[in-house]
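Below is one structure, written out as structure tokens; the observations come after it.
What follows is calculated from the coordinates using simple rules that are stated; it is not laboratory data. The shown structure was predicted, so the numbers you read here are calculated from the model rather than taken from an experiment. Every residue, glycine as well, gets a Cβ built from its backbone with ideal geometry; the counts of neighbours run over all protein chains shown.
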Amino acid sequence: MPRYFFDVADGDRQVRDDEGLELPDRESARREAICSLLDIARDELPDGDHRSFVITVRDGGETSLLSARLALDATWLAQAG
């Protein structure tokens with residue numbers, strides 16, 4: 001089973017995945033990246049109105065296979081009365 005690595009960046013920091021996960025195929029790696037973004041968002045988003053998270057999926061040969069991005073942009077449209 002191939003091993004995929006999930007590097008995470010949030011604009012302030014980058015975390016390189018040195019362990020990876022064994023998954024059956026690229027589609028499983030894609031789903032894992034998207035689920036991971038949702039988990040990260042749940043844990044990290046409350047501290048601001050503008051955040052962006054990117055997960056880059058690599059194979060064991062260091063080739064980037066997929067980039068998945070989740071962005072939050074919360075902007076007030078009118079002043080409170």
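Qualifying GluC sites (Glu not before Pro) in the chain, where qualification requires a DSSP coil assignment and no more than 15 other C-beta atoms within 10 Å, comprise E19, E62. The mean sequence distance of close C-alpha pairs (under 8 Å, at least 6 residues apart), as a share of the length of the chain, puts its relative contact order at 32 percent. Each Lys and Arg contributes +1 and each Asp and Glu -1, all at the Cβ; summed about the Cα centre of the chain, the dipole is approximately 240 debye.
Summarised in one figure, the compactness ratio Rg/Rh of the chain, Cα atoms and Kirkwood Rh, is 1.11. Enclosing the Cα atoms of segment 34-81 in their convex hull gives a volume equal to 89 cubic angstrom per residue.
Summarising the amide proton neighbourhood of D17: residues at separation of 5 or more, or on other chains, whose placed amide H is nearer than 5 Å comprise F6, D7, V8.
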